[in-house]
Amino acid sequence: MFDRHHDLRVRTAAFEWLRAQVAAQGDFLPWALLSRGFVLAGDRIPLVSQQGIFKPRVLTDAPLSIRTSPSGPYDDAFGSDGLLHYRYRGVDPEHRENQLLRFAMQERLPLVYFHGIVAGKYVAAWPVFVVADDRSRLTVSIAVDDAAHAAPPMAVGGSPAMFRDDRAEVRRQYETRAVRQRLHQRTFRERVLHAYRHQCAFCRFRHTELLDAAHIVPDADPEGEPVVPNGLALCKLHHAAFDRHFLGVRPDHIIEVRPDLLREKDGPTLVHAIQAMQGISIARALPRRVELRPGAEFLEMQYDRFVEEAAGR
């Protein structure tokens, strides 16, 4: 028989532990930490395993977490409805792990979603809920909620109270959009910095705390996709200079300085950090994997705007 109180006690402890880990370590949580987990009443409770849909032994009927790997076999993505469409395990709707997801939906149990950024690093979102099941497409739909709604009100007998919360859908749409944006930002930054070996593509500065993932074509632009070929790892000074068209990168990977700045007289920052960039090739700083290097179409769009800006000076 399903013991709801025990189940929610485990989930609440997991959420509290995750909150403490994020406060201590930041958003990126390592696989080793998550797979080791925490101890509750003498039981060690990991939060992940090799299975994407994971139920620790202390739970009986529903998973504790779901996970998307950075290079996994499934195509999990946010849909036009704003929800995460999470793939079943395999192609059998009646696989035990898929049944566990349905049980979580039926009982409105909160889960943790782990989003793989790069190998061995995950961003966690919780609580998330299974809100729909589509057997024909082999997916469930996942919505994020805020922490105050991690557990539904209880009715007599220990089952979730059946009531209509007209605000829940709007609230979850808002929370899911916010998490989607955060995941995209964190994923883009980490993957760009990883591809560029954690150094500025312009000056080779290596302190990660002062490095950014710069969009070649701005993310506000319809063409500004949050993908590595539309990114450059830049130190904060060169990121600002690049975004404001002080510097441009030609499609052949040569840096150009805006002509009026080459004529300007100022202090050592202008001389060494800006003017000294003129004519430098970033080819040796580019990602080793060809498919991760700046896309020609992105560089061309950026360089055209740089030239236009320079002409207006």
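Quick notes
- Cβ pairs under 7 Å, 6+ apart, first in segment 286-313 and of a type in the set (S, T, N, Q), second surrounded by 14 or more Cβ atoms within 10 Å (Cβ to Cβ): 302/216; 302/217; 302/248; 302/249
Residues checked against (1) surrounded by 17 or more Cβ atoms within 10 Å (Cβ to Cβ); (2) within 28 Å of the chain's Cα centre (by Cα); (3) not hydroxyl-bearing (Ser, Thr, Tyr):
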position	(1), (2), (3)
228	yes, yes, yes
237	yes, yes, yes
243	no, yes, yes
251	no, no, yes
256	yes, no, yes
263	no, no, yes
269	no, no, no
274	yes, no, yes
282	yes, yes, yes
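- Within segment 284-313, the residues that satisfy the criterion of being surrounded by 11 or more Cβ atoms within 10 Å (Cβ to Cβ), of a type in the set (A, V, I, L, M, F, W, C) and within 29 Å of the chain's Cα centre (by Cα) are 285, 286, 292, 296, 298, 299, 301.
- Candidate set from segment 74-97 (those that are at pLDDT below 90 and of a type in the set (Ser, Thr, Tyr)); member that is farthest from residue 112 (Cα to Cα): 80
- Criterion (closer than 30 Å to residue 68 by Cβ and not basic (Lys, Arg)) met by exactly one of 249, 217: 217
- Members of segment 199-229 that are acidic (Asp, Glu), over 18 Å from residue 306 (Cβ atoms) and out of contact with any helix residue (DSSP H, G or I) (no Cβ under 8 Å at 6 or more places or on another chain): 209, 225
- Test: residue in segment 232-242 that is more than 14 Å from residue 200 (Cα to Cα), assigned by TED's automatic domain parsing to the domain that holds residue 205 and aromatic (Phe, Trp, Tyr): no
- When the criteria are applied in full, residue 51 fails the requirement of being modelled with pLDDT under 95 and more than 21 Å from residue 95 (Cα to Cα).
- Any chance residue 80 is closer than 24 Å to residue 131 by Cα, among the polar types (S, T, N, Q), surrounded by 15 or more Cβ atoms within 10 Å (Cβ to Cβ) and under 20 Å from the mean Cα position of the chain (by Cα): no
- Count of segment 100-129 residues which are among the hydrophobic types (A, V, I, L, M, F, W, C) and either in a helix (DSSP H, G or I) or outside the structural domain of residue 180 (by TED's automatic domain parsing) (or both): 5
- The number of residues in segment 1-35 that are within 22 Å of the chain's Cα centre (by Cα) and of a type outside the set (A, V, I, L, M, F, W, C) comes to 8.
- Residue among 182, 204, 172 that alone is basic (Lys, Arg), crowded, with 18+ Cβ neighbours inside 10 Å and outside any strand (DSSP E or B): 172
Listed here are the residues, each with its yes/no results for (1) touching a helix residue (DSSP H, G or I) at 6+ places or on another chain (Cβ under 9 Å); (2) closer than 17 Å to residue 26 by Cα; (3) surrounded by fewer than 23 Cβ atoms within 10 Å (Cβ to Cβ).
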| site | (1), (2), (3) |
| --- | --- |
| 90 | yes, no, yes |
| 93 | yes, no, yes |
| 103 | no, no, yes |
| 107 | yes, no, yes |
| 120 | yes, yes, yes |
| 130 | yes, no, no |
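- In segment 226-265, the residues that are small (Gly, Ala, Ser) and over 21 Å from residue 287 (Cβ atoms): 240, 241
The values are calculated or read from the model by the stated rules, or taken from the named source; none is laboratory data. None of these values were measured; they are calculated from a predicted model. Reconstructed Cβ throughout: ideal geometry from the backbone, glycine too, with neighbour counts over all protein chains shown.
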